[in-house]
Amino acid sequence: MEQQILHHTYDNGLTLVAQPMPWLESAAFSIAVPGGCRFDPQQQLGVANFVCEMVQRGCGAYNSREYIEALESLGVDYSSSASLYNTNFSGAMQAAQLNDALAVYADVIRRPTFPEDQLEDGRMVCFQDIAALRDDLAQRALQKVRMNFYGSTDGRSCEGLLETVESITLDNIRQFYATHYRPNGLIIACAGKLDWASLKSHVGRLFDDWEPKPEPAIELVPAAHGIDHIAHDSEQTHIAIAFPGVAYSHEDYYLNRGAIGVLSGGMSSRLFTEVREKRGLCYTVFASCNTLKDKGAVLCYAGTTNERAQETLDVIIEELQKLAGGIHEDELRRLKVQIRSGMVMQQESCRGRAGSIAGDWFHLGRVRTLDEVNEKINGLTIESINEYLADNPPCDFDIVTLGPQPLEFKANGISATPA
Amino acid sequence: MEYLQHRLDNGLEVLVECNPQAYTSAFGFFVRTGARDETQEVGGVSHFLEHMVFKGTPNRSAAQVNLELDEMGSSSNARTGEESTIYHASVLPEFQTPVVDLLSDLMRPSLRKEDFETEKQVIIEEIKMYDDQPPYGGYERIMAEFFGDHPLGHSVLGTVETVSALTPEGMLDYFEQRYCPSNICFAGAGNVDFEKLVEDLERCCGHWKKFAPGRSKAKAEYRKGFVSMHKPNSHQQYILQLAEGPSSEEEIRYATSVMSAIIGDDSGSRLYWEFLDSGLAESAGMGAYDYQGSGSIMTYICCAPEEAQSNLERLTRLQRQVREEGITQKELDLAKRKIESHIVLASERTNNRMFSIGSQWLCEQPYKTVAEIAATYESLTLDQINEALNAYPLDENMTLVVGPRDDLAPAP
């Protein structure tokens, strides 16, 4: 399958990266502005998310209603969110509207008006983002384990706290915007039916007269590893586990990804087979690779009725430790075809591709082509993965349980309950 | 793009949209059976059977089924609803024959006793999982309240009690009444070798015994009212409403779905500006659900408990106002742009095309191309949308509130 990746970095440091998919009638964009919640000051947790809300409540000549009408009249299916490193704006539409949609987003990103009369409605929406998570028990357990594993800067989630969001002022919002919304480090990724030359000059007209800004400093709070329990009167106990993984940019990434794929890749994967199929302990169980720019984690989750939660945790930990003993030839063979087929299926969606090439550019400063990924996947051998696993056995587990009772953690002769 | 069909002698329909340009192929068995076809005693059997289908056949163990699905790198799943059960897989074209072979074999499952007991535990975990998730069984409750004795009010999952009481024999009984070839369609889309497909299906499914399943399509007697479920440890309050909507046989369902997008889409709609832009609610939305013989329109709001009473009243005012004043041409034009774009984006995924073909068959509707579907929406007029608004008054509904408040009252 042919795949062409084009890119251009303008003088101010903004990068445009694109994948033409001429067989489609649609196009999509994914914009990463280098101001994520990682940069929230401690007293203003949630400010990146609040800024993301406010830049869309008045920009350029649009008021908040006109802005949404402009997108809808172009038929743009849009979304926005703050994430750890970036604030992301993305959309998909019929191909002919791509340039007009990008022009709307140039207003969002470069010319927000921050109208004072929108501040309290915007704050209410941010409160709702916090409220939305409180009833999502699985997410709460996973969020907490991320926080414990990465520390409260890199493990934070973007909604912030009720008290910090309450105290954020319009000046704080303007300040965050002025510091972090900048062309240097900003990525615009497009995929779909597009004409590269016209796209490149259009994006240039929209953005290349924007002056770069200095790289902002960041305060990092170190991790507080351990075993934790959140008491909650629920039907199930929600178990979240984190342990060291590999960053996407690291040369061992695919070795780790391969090993975790064997653990939790498909219906024949080890966790699904041992926890759900053989023992019927839960409906949902998974492990997945999570990546920051410079480090990675493996995150696992299972939700199970309280009486069977201890057995579920024990079986999962046993499977994680067993992984150090290596994987088998047939497991690797299935994994390879799964990854290959997943990559081909992604080619059907310009939205998926735009997000994916934006992510690649952010993590690597380039895009891994299908051929390159294929080569890496085909190059995986039992020996290379097993050697990696012997050197890096799953260990140092951070565990968070949410439910009526804490669980006991037993592994390699260590036994512990939450402090 | 070419639409091809074939019917096996035993009644199994094969419907395929072939697109030689596609990178993948998607296939699915669509069975016209679901919770509405169950008796109360076997509540949840359709969904439990959907799980048991993956537990093996006389030719394959459960573990073998999982291995084969993964060996093809397939993206596969199944789902059960009020009136359908769907088994589907997407694969690279080179795996067409093995995946058709596997899916066909799965449609004649063994229902082995020991697998049955293990899987029963998984189903109970699934029920418990939803009990922990908003709206905490509220969907099942409002369906039962709204549809009353009509079978569309049956819960898809069933309860811990009904599922615990199920036996392999009871499931086999149900299977033998519902999984007959004339009640099943095989839908495909993408890069499909149709001739080979028909040959494979004749070989794998041609021997399935023919018999006649039935289904009552009587129109439901919709109930109105106000019901409260107290859930003290929930942080948010959840408001659900069901009002009458068109059935899947009625042409007005297109106008109704546009009406529901104008009022309740997740962006730019009336509910969006009233509740979401202002931050009065965490989420607010609306959707039309058509079934054979009956239909409903659901409205959903999640908000802080202290806003719940005033939001209920706002919602009722909004519903009455839109019916009195109608919607505007500008709203209709924007909704059409949105729908058009949505149709184009969705049609680019092979999997979506397969679902579209299978779903049309489930409702006994004729096949429509993407262009025909788009044209149907494009042709809608303001009068037709306002006619739908008047035919299905949103404020005449069953309302269910779930959450920490136990003192909420219907809007005056």
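The values are calculated or read from the model by the stated rules, or taken from the named source; none is laboratory data. In this text the structure is predicted, and so the values were computed from the model without any measurement. Here the Cβ is made from the backbone with ideal geometry for all residues, glycine too, and neighbour counts use every protein chain on show.
Among the residues here, A:Thr273 does not qualify as closer than 16 Å to A:Ala138 by Cα, surrounded by fewer than 23 Cβ atoms within 10 Å (Cβ to Cβ) and within 12 Å of another protein chain (Cβ to nearest Cβ).
Count, please, the residues in region A:46-76 that happen to be more than 22 Å from A:Thr291 (Cα to Cα) and touching a residue at least 24 places away in the same chain (Cβ under 8 Å).
Filtering region A:46-76 for residues more than 22 Å from A:Thr291 (Cα to Cα) gives A:47, A:50-76.
Now restrict to residues that are touching a residue at least 24 places away in the same chain (Cβ under 8 Å): A:47, A:50-64, A:67, A:70-71, A:74, A:76.
Of the residues in region A:46-76, 21 are more than 22 Å from A:Thr291 (Cα to Cα) and touching a residue at least 24 places away in the same chain (Cβ under 8 Å).
Just one of the listed residues (A:Arg65, A:Arg110) is surrounded by fewer than 20 Cβ atoms within 10 Å (Cβ to Cβ) and within 14 Å of another protein chain (Cβ to nearest Cβ), and it is A:Arg65.
From the list B:Ile301, B:Ile327, B:Ile339, B:Ile343, which one is touching a Phe, Trp or Tyr at 6+ places or on another chain (Cβ under 6 Å) and either surrounded by 22 or more Cβ atoms within 10 Å (Cβ to Cβ) or of a type outside the set (Ser, Thr, Tyr) (or both)? Working first, answer last.
Working: B:Ile301 fails: touching a Phe, Trp or Tyr at 6+ places or on another chain (Cβ under 6 Å); B:Ile327 fails: touching a Phe, Trp or Tyr at 6+ places or on another chain (Cβ under 6 Å); B:Ile343 fails: touching a Phe, Trp or Tyr at 6+ places or on another chain (Cβ under 6 Å).
From the options B:Ile301, B:Ile327, B:Ile339, B:Ile343, the qualifying one is B:Ile339.
Among the residues of region A:17-45, how many are within 17 Å of the chain's Cα centre (by Cα) and over 27 Å from A:Leu194 (Cα atoms)? Write out each step before concluding.
Going through region A:17-45, the residues within 17 Å of the chain's Cα centre (by Cα) turn out to be A:29-39.
So of that shortlist, the ones also over 27 Å from A:Leu194 (Cα atoms) come out as A:35-39.
The total comes to 5.
Take A:Ala96 and decide whether it is within 14 Å of chain B (Cβ to nearest Cβ), closer than 18 Å to B:Ala346 by Cα and surrounded by fewer than 20 Cβ atoms within 10 Å (Cβ to Cβ). Walk me through how you get there before you give the answer.
Working: within 14 Å of chain B (Cβ to nearest Cβ): yes; closer than 18 Å to B:Ala346 by Cα: yes; surrounded by fewer than 20 Cβ atoms within 10 Å (Cβ to Cβ): yes.
Answer is yes for this residue.
Within region A:200-208, is there a residue that is within 14 Å of chain B (Cβ to nearest Cβ), touching a residue at least 40 places away in the same chain (Cβ under 8 Å) and in contact with a helix residue (DSSP H, G or I) (Cβ under 8 Å, 6 or more places away or on another chain)?
Initially, region A:200-208 is screened for residues within 14 Å of chain B (Cβ to nearest Cβ), giving none.
No, that holds for no residue.
Take the conditions buried (at least 18 other Cβ atoms within 10 Å of the Cβ) and at pLDDT 95 or above and apply them to B:His51. Does it pass?
Numbers: buried (at least 18 other Cβ atoms within 10 Å of the Cβ): yes; at pLDDT 95 or above: yes.
So B:His51 fits the description; yes.
Considering every residue within region A:172-190, establish whether at least one is over 23 Å from A:Phe114 (Cα atoms), more than 20 Å from the chain's Cα centre (by Cα) and either within 14 Å of chain B (Cβ to nearest Cβ) or outside any loop (DSSP other than H, G, I, E, B) (or both). Among the residues of region A:172-190, not one is over 23 Å from A:Phe114 (Cα atoms), more than 20 Å from the chain's Cα centre (by Cα) and either within 14 Å of chain B (Cβ to nearest Cβ) or outside any loop (DSSP other than H, G, I, E, B) (or both), which makes the answer no. Consider A:Asp117 carefully, then state whether it is buried (at least 18 other Cβ atoms within 10 Å of the Cβ) and of a type outside the set (Ser, Thr, Tyr). Taking the combined requirement at face value, the residue does not satisfy it. Considering region A:356-385, the residues that are surrounded by fewer than 19 Cβ atoms within 10 Å (Cβ to Cβ) and among the acidic types (Asp, Glu) include one that is farthest from A:Leu84 (Cα to Cα), namely A:Glu383.
Residues that are within 14 Å of chain B (Cβ to nearest Cβ) and touching a residue at least 60 places away in the same chain (Cβ under 8 Å) occur at least once in region A:374-392.
Of the helices (runs of 4 or more DSSP H) lying entirely inside region B:57-131, those containing at least 3 residues that are among the hydrophobic types (A, V, I, L, M, F, W, C), over 26 Å from the mean Cα position of the chain (by Cα) and within 8 Å of chain A (Cβ to nearest Cβ) span B:62-71.
Of the residues making up region B:347-398, those that are polar (S, T, N, Q) and part of a helix (DSSP H, G or I) are B:Ser347, B:Thr350, B:Asn351, B:Asn352, B:Ser356, B:Ser359, B:Gln360, B:Thr376, B:Gln384, B:Asn386, B:Asn390.
Checking each residue in region A:343-359 for being facing chain B (nearest Cβ under 7 Å) and not acidic (Asp, Glu) picks out A:Val344, A:Met345, A:Gln347, A:Ser349.
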